[in-house]
Amino acid sequence: DLPSRQEVCWRPFVAGYFVLDSKSASAFPLPNPERIMNPGRLGLIASPEGAGRYMAAELQPIAGGEQADLLCFSSQSGQWDRKTVPYPLPSRPLTPNGVVSHSGRLWWVDLSWGLITCNPFADAPVLSFVPLPPRKALKYMEDCAVLDKYRRVAVSRGKLRFVDMYKNRSSFGSAQISVWTLADPDSTEWTLQYEATFSEIFNDASFKATRLTRQLPVLALIHPRDPDVVYFFLDRHLFSVDVPDRRVVQCELYELVEELSSERIATRFVHAWRLPPALRSELRMPLRTS
């Protein structure tokens with residue numbers, strides 16, 4: 001703020017990242033956090049060497065460029081390292097919709113286009129691109145403000161899954177949900193696992209018993225062990241549906257540390273976490289069956 005002018009500017013670097021250790025209930029601050037440019041492109045992956053080692057990595061592409069920077073922090077060295085890698089998508093910027101760790105790789109997710117993946121532990125990482133299933137790609141920045149309310153890429157039962165309930169409409173106009181599976185991490189082709197309409201889910205007795213309103217919910221997450229079960233937000237409730245059976249499995253009022261507005265209810269704010277065995281007995285708080 002100046003006496004003659006007030007401005008709001010975008011700060012290009014993000015500070016204040018910590019790695020949390022659930023077993024010891026401790027937090028480790030990453031050094032030099034000002035180097036991180038976008039929180040949607042920062043991922044965490046366990047080292048194949050084990051022993052609690054890990055790497056945090058951010059993909060920093062340059063729009064229109066044929067190269068990108070891979071900014072990596074290794075817990076073993078305790079410092080950041082910048083690797084220059086060939087970038088496979090110079091024609092279009094990458095929308096930052098989160099990063100998934102799977103099969104010894106990090107997967108940078110663009111919910112409108114596809115995934116970029118590589119092994120950040122390699123001396124010379126090679127980026128490869130996995131497009132979304134056919135007819136699922138959108139134009140750049142198309143509906144970017146709401147995509148993470150209706151789409152998600154996550155790991156369930158050891159495979160990458162793409163959950164989509166956006167722009168899926170039956171011939172009768174009923175909103176649909178579909179789940180796709182990438183069976184092989186080296187593949188670029190998705191397989192349709194199942195799909196259902198929300199009218200079928202709403203008409204089931206299990207949904208009627210919840211007394212929730214018949215309106216399109218917001219996507220929350222896919223069950224990390226059962227890819228048939230998908231979770232949604234609706235009417236201040238978090239409920240799960242066995243989609244192939246069109247049946248509500250669980251329903252409960254969700255309680256958040258901080259009240260979130262409807263604009264901030266989306267998949268990026270929710271993470272499905274498989275608790276370590278040592279913590280399950282202490283922190284087990286299952287949703288009750290409705």
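Taken together, the values in this text are just the output of simple stated rules run on the coordinates, not laboratory data. The model shown is predicted, which means the values in this text are computed figures rather than measured ones. Quick reminder, even Gly has a Cβ in these numbers, built from the backbone with ideal geometry, and neighbours come from all protein chains shown.
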Kindly put M37, M55, M141 in sequence by how many other C-beta atoms sit within 10 Å of each C-beta, fewest to most.
-> M141, M37, M55
Each residue of region 121-128 in order: what ³J(HN,Hα) in whole Hz does its phi give by Karplus 6.51 cos²θ - 1.76 cosθ + 1.60, θ = phi - 60°, with x for Gly and Pro?
-> 7, 5, 5, 10, x, 10, 7, 10
Under the Karplus relation 6.51 cos²θ - 1.76 cosθ + 1.60, θ = phi - 60°, what is the ordered set of whole-Hz ³J(HN,Hα) values for region 209-226, x standing for Gly and Pro?
-> 5, 6, 6, 6, 6, 7, 9, 4, x, 9, 5, 10, 6, 10, 4, x, 10, 10
Beta carbons within 10 angstrom, averaged per residue: use that to sort the peptides 182-192, 234-244, highest first.
-> 234-244, 182-192
Relative frequency of Cα-Cα separations exceeding 20 Å in region 66-154, percent | 38 percent
Which order do R92, R247 fall in if you start with the one that has the fewest other Cβ atoms within 10 Å?
-> R92, R247
Loop-only check: which trypsin sites (Lys or Arg not before Pro) in region 15-94 are DSSP coil with at most 10 other Cβ within 10 angstrom?
-> K23
Sequence-distant or interchain residues sharing an amide H contact under 5 Å with S156, placed H: which?
-> R161
Taking K208 as the anchor, which lysines have their alpha carbon closer than 30 Å to its alpha carbon, excluding any fewer than eight residues away along the same chain?
-> K149, K167
Which GluC sites (Glu not before Pro) from region 35-71 combine a DSSP loop assignment with at most 12 other Cβ atoms within 10 Å?
-> E49, E66
In region 89-186, which trypsin sites (Lys or Arg not before Pro) fall in coil by DSSP and have 16 or fewer other Cβ atoms within 10 Å?
-> R135, K139, R157, K167
Could you give me the ³J(HN,Hα) list for region 104-115, computed from phi with Karplus coefficients 6.51, -1.76, 1.60 and θ = phi - 60°, whole Hz, x at Gly and Pro?
-> x, 9, 9, 10, 7, 9, 10, 5, 9, 9, x, 10
